1. Need the failing condition index for GLY375 against (1) open to solvent by 60 Å² or more (accessible area, probe 1.4 Å); (2) part of a helix (DSSP H, G or I); (3) not hydrophobic (A, V, I, L, M, F, W, C), just the number.
2. Of the residues in segment 236-291, how many are open to solvent by 60 Å² or more (accessible area, probe 1.4 Å), in contact with a strand residue (DSSP E or B) (Cβ under 9 Å, 6 or more places away or on another chain) and modelled with pLDDT under 95?
3. If you go through segment 79-97 one residue at a time, do you hit one that is open to solvent by less than 50 Å² (accessible area, probe 1.4 Å), in contact with a strand residue (DSSP E or B) (Cβ under 7 Å, 6 or more places away or on another chain) and within 19 Å of PHE53 (Cβ to Cβ)?
4. Does at least one position in segment 312-324 carry a residue that is outside any helix (DSSP H, G or I), modelled with pLDDT of 95 or more and in contact with a Leu (Cβ under 6 Å, 6 or more places away or on another chain)?
5. Out of the residues in segment 10-42 that are farther than 24 Å from ALA59 by Cβ and among the polar types (S, T, N, Q), state the one that is most open to solvent (accessible area, probe 1.4 Å).
6. What tally of residues in segment 292-306 results from selecting those that are farther than 15 Å from TYR202 by Cα and open to solvent by 10 Å² or more (accessible area, probe 1.4 Å)?
7. For segment 53-78, name all the residues that are open to solvent by 30 Å² or more (accessible area, probe 1.4 Å), more than 19 Å from ILE118 (Cβ to Cβ) and in contact with a helix residue (DSSP H, G or I) (Cβ under 8 Å, 6 or more places away or on another chain).
8. If you check VAL109, VAL119, which single one turns out to be in contact with a His (Cβ under 8 Å, 6 or more places away or on another chain), of a type outside the set (Lys, Arg), in a helix (DSSP H, G or I) and surrounded by fewer than 19 Cβ atoms within 10 Å (Cβ to Cβ)?
Amino acid sequence: MTAPTRSHPELAPAQAEIVRATLPAIAAAVDEITTVFYRTLFGNHPELLRDLFNRGNQAQGSQSRALAASIATFATYLVDPALPHPSAMLARIGHKHASLGITADQYQVVHDNLFAAIVEVLGADVVTAPVADAWDRVYWLMADALIDLEKQLYIEAGVQPGQVFRAVTVTERGDDPAGVAVFRVRAVDPAEELPGFIAGQYISVGVRLPDGARQLRQYSLIEAGGDGTLAFAVKRVAATPGCPAGEVSTWLHERVETGDTLEISLPFGDLTIDPDATTPLVLISAGVGVTPMVGILEHLAARDPGRPVQVLHADRRADTHPLRTRLLALVGRLDRAEVAFWYAEEADGAHRGRLDLSAVAVPGDAEIYVCGGDGFLDTVRAQLAAAGIPAQRVHIEQFTPTDWRR
């Protein structure tokens, strides 16, 4: 996994004082600022909402919260370098950007519209020239860190910046009883054979929707076939009134069959295991958060079946548990695997109720991987902290934009 440098970015002393003094006001207004920013950005560049940004996240406000949180977190670190380095945040954003094909020139577009939003919300009397210069420095320190990281990711992928998408043919489709479709794909052009992936990574899948929009969503890779194919899993997510969330998963479920063509990115993602390590693994998931864990189990079954692993999953019932049969089959191929399920609505051979880590013995030296919804992640973090598990051993993935203030 590529990680951003841990060297401390610098603000001039006078700039640091200005940022420190204005950070409370910026932080208090940052949600309003980002709301105005996206309205301004999409007003000036409607193609970005149509063809790049996730319309579901925009409708729900989660993307605005994620941007606000990342800027506030980075600025807070700049004025207090004793705080933990935001390398995890930068890595998460950088991998996501690479999977979308983001390039360095797009950061200037974001900058111009973001600063216009700051002035609109706070007023020119607050955003004086020194204040604007100081926050401009904050922005470009963060942007340059991300640009450098994304440049390295593109180099490692062997592509020019942004050139990450490939046309693929669906060679097989399988439907899991819990409402998950598994698509196996192969490159249309043999000269662009799909690469393998590191267990835990994802791809972006692009579809052209009936209204002409090209929308991108990320889906976990669950298997590399060894024959130039990749397999990924898609949980059908129902759209809610006034919110187009689920439009891509619905399109994939209803329209894509064997022989169809899709557009996917190369693999990216920072929730990856060290394939050379021997420490125990603990895989904790809820709902469709099980998909990256299945990818990790596929890796273990094929290459490291003796590594100790605990598989802990929470769901409503056995029949809503995505890829349950596949998961159990993979566990059966491992020498030192333990499994525990929690089902909220029935026992059916599992624990009844919500996931409770006190019911299992989590090894103190384990590397722990967690994926699920926001509430589930908060609960698991709290339980792991109560159990004395160091935060640096806990690796979190979530399928919605991350609010780093949580």
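The values are calculated or read from the model by the stated rules, or taken from the named source; none is laboratory data. Quick caveat, the model's predicted, so the values are computed rather than measured. Cβ sites come from the backbone with ideal geometry, for glycine too, and all protein chains shown count toward neighbours. Protein only, heavy atoms only, side chains kept; ligands, DNA and RNA dropped before computing areas. Shrake-Rupley method; radii C 1.70, N 1.55, O 1.52, S 1.80 Å.
1. Status for GLY375: all satisfied but (1).
2. Matching residues across segment 236-291 total 2.
3. Yes, that holds for at least one residue.
4. Checking segment 312-324: at least one residue is outside any helix (DSSP H, G or I), modelled with pLDDT of 95 or more and in contact with a Leu (Cβ under 6 Å, 6 or more places away or on another chain).
5. Once the filter is applied, the top-ranked residue is GLN15.
6. Here the count works out to 6.
7. PHE53, ASN54, ARG55, GLN58 - these are the residues of segment 53-78 that are open to solvent by 30 Å² or more (accessible area, probe 1.4 Å), more than 19 Å from ILE118 (Cβ to Cβ) and in contact with a helix residue (DSSP H, G or I) (Cβ under 8 Å, 6 or more places away or on another chain).
8. After applying the criteria, what remains is VAL109.
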